[in-house]
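Notes to accompany the following structure.
The values are calculated or read from the model by the stated rules, or taken from the named source; none is laboratory data. None of these values were measured; they are calculated from a predicted model. All Cβ positions, glycine included, derive from the backbone under ideal geometry; neighbour counts span all protein chains shown.
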């Protein structure tokens, strides 16, 4: 049986009007307010949201790994988590802080009764999975449904993630901590960018690939995924740019890669698959020239903690490619 709804009637708010409505109607309520000004200026941050949101929430339910990691980075342990076992397996960060009783179903199918039983004061949801559940969730507690993947013209996924993180800080009384963590992440990116620009990566097209089983074909990330967006923030250029708004990855074969000799390649794989011994792989210009690097398996869809790790890994990959990239830049190619 669901818990008694919080006060007020959930109101559907369009993406374009949501932040304006929050700012106009909520600031005067004790413990409830609109998001910080920096987030309010970020078009499309919300998909849907309750008309007022807390500013010091302690009993938070997270329905996506990104939000779980972000809350833990803010020293806010969520009382409810979608798929905590999956979080422990894939993300790992501070997973030991999650209670065995925190499970509220899967990310795809949250358990509404389990959520209500926890009596949360805030529910954080993901538009792609949970827009259809907004009304039911908002009857339990104040709810915000974030748009994690921006459309072209709304910033990239990295910028969106940091805006979401700052917003979570504002809703949990951790705005200062959020600002400090974001500043640290931005400083790491700036340092890695300076090195990349010195090493010839300016505007260089980089394809960031995740190898499928066997290494013969790859998922390539565009700017709607954080790990793909990072490439541009480091001074290079994501070779995939912006795909169709309905997708953020595309499957590429070795033949597809051969048709883009200008691409340099970063592959999330250990480089040991038999496909990397095939003549078609060895013949790729990036491979011949030393413009390819491998990353260990990494979670590229998380918050600032995941971002910091990925920034370090990509920075190391860039350093391994630097001699070839400097030579290429010097030749004017």
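Is there a residue in segment 173-184 that is buried (at least 19 other Cβ atoms within 10 Å of the Cβ) and out of contact with any helix residue (DSSP H, G or I) (no Cβ under 9 Å at 6 or more places or on another chain)? No: zero hits.
Suppose we filter segment 166-176 for residues that are in a helix (DSSP H, G or I) and touching a residue at least 40 places away in the same chain (Cβ under 8 Å); how many remain?
Within segment 166-176, the subset in a helix (DSSP H, G or I) is 166-171, 175-176.
With touching a residue at least 40 places away in the same chain (Cβ under 8 Å) added as a condition, the list becomes 166-171, 175.
Of the residues in that region, 7 qualify.
In a residue-by-residue description of segment 202-216, the property of being within 25 Å of residue 269 (Cβ to Cβ), surrounded by fewer than 19 Cβ atoms within 10 Å (Cβ to Cβ), at pLDDT 95 or above and in contact with a strand residue (DSSP E or B) (Cβ under 8 Å, 6 or more places away or on another chain) applies to at least one position. Within segment 238-267, the set of residues being surrounded by 13 or more Cβ atoms within 10 Å (Cβ to Cβ) and under 18 Å from the mean Cα position of the chain (by Cα) comprises 238, 240, 242, 243, 248, 249, 250. Scanning segment 77-89 for residues that are assigned to a loop (DSSP other than H, G, I, E, B) and surrounded by fewer than 24 Cβ atoms within 10 Å (Cβ to Cβ), we see that the one that is modelled with the lowest pLDDT is 83. Before we move on, is residue 85 in the same structural domain as residue 157 (by TED's automatic domain parsing) and on the phi > 0 side of the Ramachandran plot? Here the answer is no, as residue 85 does not meet what is asked.
When only residues in segment 268-280 that are under 30 Å from the mean Cα position of the chain (by Cα) and either at pLDDT 95 or above or surrounded by fewer than 16 Cβ atoms within 10 Å (Cβ to Cβ) (or both) count, which is farthest from residue 234 (Cα to Cα)?
Restricting attention to segment 268-280, the residues satisfying the condition of being under 30 Å from the mean Cα position of the chain (by Cα) are 268-273, 275-276.
This time we only want the ones that are either at pLDDT 95 or above or surrounded by fewer than 16 Cβ atoms within 10 Å (Cβ to Cβ) (or both), so: 270-272.
On the way: 270: 23, 271: 24, 272: 27 Å.
Ranking the qualifying residues of segment 268-280, first place goes to 272.
Please enumerate the residues belonging to segment 124-165 that are at pLDDT 95 or above, out of contact with any helix residue (DSSP H, G or I) (no Cβ under 7 Å at 6 or more places or on another chain) and part of a loop (DSSP other than H, G, I, E, B). Of everything in segment 124-165, those that are at pLDDT 95 or above, out of contact with any helix residue (DSSP H, G or I) (no Cβ under 7 Å at 6 or more places or on another chain) and part of a loop (DSSP other than H, G, I, E, B) turn out to be 139, 141, 142.
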